[in-house]
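Data block below; observations after.
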Amino acid sequence: MEWQTLDRTPPLPPLYWRAALKRKITGETLPDAGLRCHIRLNPTEVAAYRQVCGFADSSVLPGTYPHILAFGLQMQLLTDKQFPFPLLGLIHLSNRIRIHRPLGGVSNVLISVYAHNLRPHAKGATFDIVTTVEDSLGLLWEADSRMLCRAVKLEGDTPEEHLSVTDNVSELARWKAPADIGRRYARVSGDYNPIHLSALTARLFGFPQAIAHGLWNTARTLAALHEHLPAANVEIDVEFKKPVRLPSEVVLLTTAAGSSGELQLKGAGDIQHMLGKWRPIA
């Protein structure tokens, strides 16, 4: 793996312009290169994120917040000329977060991102975006985001992997996903994907309504699960199912609190939006 170390987080507007211009597949292999950057946390930005995602004030960083720190690096990676797939149209299938140590007292960290594990899929091809966070003591947090590119076809056949969860869950919380939550989340995350911003911009990409960001659904779920989840040594897997159309109401169902558990996020008509599990890191 070749690493490029940046001296600051990349500005997003040029990356969005680059993403808008690239519409064609330019290859079938992922670059063997990653990006790194030292980032200092901004308490005001963290507080704004907490408010949008429903996290209570705390000295411990929300378990999903490192994704926000890494977003600029991820965008630069996915819009680089060496990256073979266009960013627009990628579908976020699942996410796995590992919190190795408590996220308290975090201020200055090293963020690293790279892509790997390109595999054929029944609907195209998938790959993982790997994000890691290190502090002065070593690895603190990491995540794998599985992405689907529909437009590419690879040789071979790989069975689809799905989370298996039981129905031994009961309602823990419910909340409304308001019509403007995509725009509010975009302001704290930098993720201005048009499918999340308004019905008008979502229709340009085949959606009848705007849909909530998958990582907002994840963050809002972790905020509701705060008292149920361990603060560290925990792996949280979620699989995104049907999108949450805006506006709507969702229900979070979970097993009892403990070191391991399961969750389901459902909407009207028992529609499944997200499945998940948490357990100690193996």
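The values are calculated or read from the model by the stated rules, or taken from the named source; none is laboratory data. Keep in mind that what you see is a predicted model, and the values were worked out from it rather than measured. Backbone-built Cβ (ideal geometry, glycine too); neighbour counts: all protein chains shown. The area values use the complete protein model at the heavy-atom level, side chains included, leaving out ligands, DNA and RNA. Shrake-Rupley method; radii C 1.70, N 1.55, O 1.52, S 1.80 Å.
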**Request:** Report Rg (one decimal) and Dmax (nearest whole number) for the chain, counting Cα atoms only, units Å.
**Result:** 18.1, 49
**Asked** Can you give the charge dipole size of the chain about its Cα centre, rounded to the nearest 20 debye, using +1 on the beta carbon of Lys and Arg and -1 on the beta carbon of Asp and Glu?
**Response** 940 debye
**Request:** Label the range 84-242 by shape, choosing from rounded, prolate and oblate, from the square roots a ≥ b ≥ c of the eigenvalues of the Cα gyration tensor; if a/c is under 1.5 it is rounded, and otherwise prolate applies when a/b is larger than b/c, oblate when it is not.
**Result:** rounded
**Item:** Probe 1.4 Å, accessible area per residue of the range 163-281, Å²
**Value:** 45 Å²
**Request:** Give, as ranges by residue number, the residues of the range 237-256 whose backbone N falls under 15 Å from the point 7 Å along Cα→Cβ of I91.
**Result:** 239-244
**Message:** I'd like the FRET efficiency for A268 and E2, computed as 1/(1 + (r/R0)^6) with the beta carbon distance as r and R0 of 35 Å, rounded to 0.05.
**Reply:** 0.15
**Residue-averaged [θ]222 nm for the chain, counting only DSSP H segments that reach four residues, each worth -39500 (n - 2.57)** = -6500 deg cm²/dmol
**Prompt:** Leaving out ligands, DNA and RNA but keeping every protein chain, what accessible area does S164 have, in Å² rounded to the nearest 10, with a 1.4 Å probe?
**Reply:** 80 Å²
**Asked** In percent, what relative contact order does the range 1-161 have, based on Cα pairs under 8 Å that are 6 or more apart in sequence?
**Response** 25 percent
**Request:** Past 24 Å, Cα to Cα, is the threshold; run K81/K153; K153/K266; K81/K242; K24/K266 against it and keep the listed order.
**Result:** K153/K266; K81/K242; K24/K266
**Fill in**
For T166, T29, the accessible-area ranking with a 1.4 Å probe, largest leading, is T29, T166
**Asked** Once a ≥ b ≥ c are taken as the square roots of the eigenvalues of the Cα gyration tensor of the range 130-189, is the result rounded (a/c under 1.5), prolate (a/b larger than b/c) or oblate (a/b not larger than b/c)?
**Response** rounded
**Fill in**
Dipole check, the chain, charges on Cβ (K,R +1; D,E -1), about Cα centroid: among I99, L275, N193 the Cα furthest to the positive pole belongs to N193
**Message:** Per residue, how much accessible surface does the range 1-161 expose to a 1.4 Å probe? Answer in Å², no decimals.
**Reply:** 51 Å²
**Prompt:** When the accessible area of the chain is computed with all protein chains present and a 1.4 Å probe, what percentage of it is carbon and sulfur?
**Reply:** 52 percent
**Request:** Return the aspartates and glutamates within reach of K176: Cα separation strictly under 17 angstrom, same-chain partners fewer than 8 residues apart disregarded; answer none if there are no such residues.
**Result:** E249, D270
